[in-house]
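Student: Sharing a structure below in structure tokens format, with a few things to ask.
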Amino acid sequence: MDFPPDIIAQNLTEFCICFFKNLEYSPDSPPHYYITVPINDDSSLLLCIITSQIENRVRYYHNRGSDAAISSLVKVNKGDLLFLKKESIIDCNAPVLILKKEFHKIVDPDYNCKLITRDISLQVRKKVVEAIKNSPIVKPFIKKLI
């Protein structure tokens, strides 16, 4: 059974993976996996995108003179997240902070929003939190929410 994005958002209270097409990206951009990171604000979500476009992300930060940000790209593979088909990264430099009640505004209604798994290893969780806190790009107020 598919649930509306607002219902899903209300239940994203811990580390989990969801899958949806983000309206804030290019219309031809495909849906992506996102990891939700628990924060100390129950009314909001912190989302980091998971992408298999590793080289593009590395090049993006390198071209902007943010080589230090490359260390906040957390590599994951099928051994870490069973649903992955190839090696990917969690971009911890660009977490999206959004109110749960406004989550539906970034989810494309033409695509299903799905909760994929809550089964995320402690190792991956720690790497994500550390990468966000160590990112030279993430704003200090977001780091304090973790």
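Student: How many angstrom separate the Cα center of the stretch 20-35 from the Cα center of the stretch 76-146?
Tutor: 13 Å
Student: May I ask for the net charge around residue 105, where only other residues with Cβ less than 15 Å from the Cβ of residue 105 are counted and Lys, Arg are +1 while Asp, Glu are -1?
Tutor: Value of the local net charge: -2.
Student: Let me see the P(r) profile for the chain: every Cα-Cα distance counted, bins of 10 Å, each bin given as a percent of all pairs.
Tutor: All Cα pairs, binned at 10 Å, distribute as 11, 43, 38, 7, 0 percent.
Student: Helix-only estimate, please: 222 nm mean residue ellipticity of the chain, summing -39500 (n - 2.57) across DSSP H runs of length 4 or more and dividing by its residues, to the nearest 500.
Tutor: -6500 deg cm²/dmol
Student: Additional query: In the neighborhood of residue 87, defined by Cβ-to-Cβ distances under 15 Å, what is the net charge if each Lys or Arg adds +1 and each Asp or Glu adds -1?
Tutor: Net charge in that neighbourhood comes out at +3.
Student: While we're looking at this one, here's another question. Could you tell me the calculated FRET efficiency between residue 10 and residue 75, based on Cβ-Cβ distance and R0 = 41 angstrom, to the nearest 0.05?
Tutor: Calculated value: 0.85.
Student: Explain nothing, just the number: relative contact order of the chain, from Cα pairs under 8 Å at least 6 residues apart, as a whole percent.
Tutor: RCO, the chain: 33 percent.
Student: Could you tell me which of rounded, prolate or oblate describes the stretch 73-146, using a ≥ b ≥ c as the square roots of the eigenvalues of the alpha-carbon gyration tensor, with rounded for a/c under 1.5 and, failing that, prolate when a/b is larger than b/c and oblate otherwise?
Tutor: In terms of gyration-tensor shape, oblate.
Student: If you place +1 on the Cβ of every Lys and Arg and -1 on the Cβ of every Asp and Glu, how big does the dipole about the Cα centre of the chain come out, in debye to the nearest 20?
Tutor: Dipole size: approximately 460 debye.
Student: Below 23 Å Cα-Cα, how many Lys pairs turn up in the stretch 1-118? Only count pairs eight or more apart in sequence, or on different chains, if you could.
Tutor: Count of close lysine pairs: 18.
Student: Net charge near residue 33, counting Lys/Arg +1 and Asp/Glu -1 over other residues with Cβ under 15 Å of its Cβ?
Tutor: +3
Student: Evaluated at 10 °C with a viscosity of 1.306 mPa s, what Stokes-Einstein diffusion coefficient in µm²/s does the stretch 1-70 have when Rh comes from the Kirkwood expression over alpha-carbon pairs?
Tutor: Approximately 113 µm²/s, per Stokes-Einstein.
None of the figures in this text is laboratory data; all of them are computed from the coordinates on show. Note that the structure is predicted; figures quoted are calculated from it, not measured. In this analysis, Cβ positions are derived from the backbone assuming ideal geometry, glycine residues included, and neighbour counts consider all displayed protein chains.
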